[in-house]
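J.: Before I ask anything, let me first share the structure, which is written out below as structure tokens.
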Amino acid sequence: MVFESVVVDVLNRFLGDYVVNLDSSQLQLGIWGGQLNLQIPWKNLYTQPVEAVLDEVFLLIVPTASIKYDAEKEEKQQLEAKQKELQRIEDAKQKIADKDKAQEKQDTFIEKLITQVIRNLQLKISNIHIRYEDDITNKDIPLSFGISLENFSLQTSDQDWNPCIQDATNKLFYKLVRLDNFFAYWNVKSEMYYHGDYKESLSHLKYGIANTNVIPEGYSFVFRPISAKAKLRMNPRSDFDFSAPKLDLDVNLQDITIELNKPQYFSIMELLESIDMMTRNLPYRKYRPEVPVHNNARKWYTSNNFWKLLQF
């Protein structure tokens, strides 16, 4: 499934320091509902806004119980990792080399179009619930954690913070930012939504969206639903124009309290230890027999790979 690969790529970007070579076969993804609309008025790009709307996306992530070792895939992933590291080094060298030669240049036609799209981008994200469930790390104490969002919006404004459409003469971008009812949770001894059918799981995820009048029950909050407003000023040419910073963000945020009780702390540590153990075992997976140790002691003992494992 293409969407699985996209999700895994995003997870790798954020969890790359903690999880090595995550791929789509390691996850069971349930994606229900959702709507993505993108309207770009190419004929009236300088007089109409670009609108991006993402609504009702519910994502349920569950690890698979067993993953067979694939030598070919392992070798491919190691090669890709080396290539990415080499590319990162080359990019860093090029960035240093270009730093002393930096000078303002005329934007190309494509760059001007992209700049105009960003300048008048109106973004709205609403009714999002992303949840991870795990009853494999500890079957006696299943866990779940996730984030929930009622609304996030980004709207173009003028320098006096009035909503408007900016033309190409404006050097700075001004955006009004709004966040409504965003929260994170970590449940211990949690109910597993993925055990239910499609309608039941979807209903649970929809219920997990807070609003002004209702805060959903059954969640151990890391932080309770928060709302905020912000004013964002961006300087797209900060490399050459030093009159304003690249980003200037003025946030009006209500009180936020981070809560973490002892069961939540132990659950987090247990999951991190499980990930650490899995990472430590990665180099030796190719030596492990494909059957569990329980009721298969003879196969393990007589396996040549068993003795190779003992050498480590």
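Values quoted throughout were computed directly from the atomic coordinates according to the rules given, and no laboratory measurement underlies them. As the structure is a computational prediction, the values presented were derived from the model and not from experiment.
J.: Could you give me the ³J(HN,Hα) list for the range 190-200, computed from phi with Karplus coefficients 6.51, -1.76, 1.60 and θ = phi - 60°, whole Hz, x at Gly and Pro?
T.: Taking θ as phi minus 60°, the curve returns 7, 5, 9, 5, 5, 6, x, 7, 4, 5, 5 Hz for the range 190-200.
J.: Quick one: what are the phi-derived ³J(HN,Hα) couplings along the range 137-145, Karplus 6.51/-1.76/1.60 with θ = phi - 60°, whole Hz, x for glycine and proline?
T.: For the range 137-145, the Karplus curve yields 4, 9, 5, 7, 10, x, 10, 8, 8 Hz.
J.: Over 24 Å between Cα atoms, which of Lys124/Lys206; Lys84/Lys112; Lys112/Lys246; Lys124/Lys229 qualify? Walk me through the numbers before you get to the answer.
T.: On the way: Lys124/Lys206 18 Å; Lys84/Lys112 30 Å; Lys112/Lys246 18 Å; Lys124/Lys229 14 Å.
The pairs that break the limit, which is 24 Å between Cα atoms, are Lys84/Lys112.
J.: Short version: ³J(HN,Hα) in whole Hz for each residue of the range 259-272, in order, from phi by Karplus 6.51 cos²θ - 1.76 cosθ + 1.60 (θ = phi - 60°), x for Gly and Pro, what are they?
T.: So the J values, rounded to whole Hz, are 10, 8, 8, 5, x, 5, 4, 5, 5, 4, 4, 5, 5, 5.
J.: Then there is this: Expressed as a fraction of 2.2 N^0.38 Å, the rule-of-thumb size for a compact globular protein of N residues, what is the C-alpha radius of gyration of the range 123-223? Show your work: numbers first, answer last.
T.: On the way: Rg = 18.9 Å, N = 101, 2.2 N^0.38 = 12.7 Å.
Relative to the rule-of-thumb radius for its length, the range 123-223 sits at 1.48.
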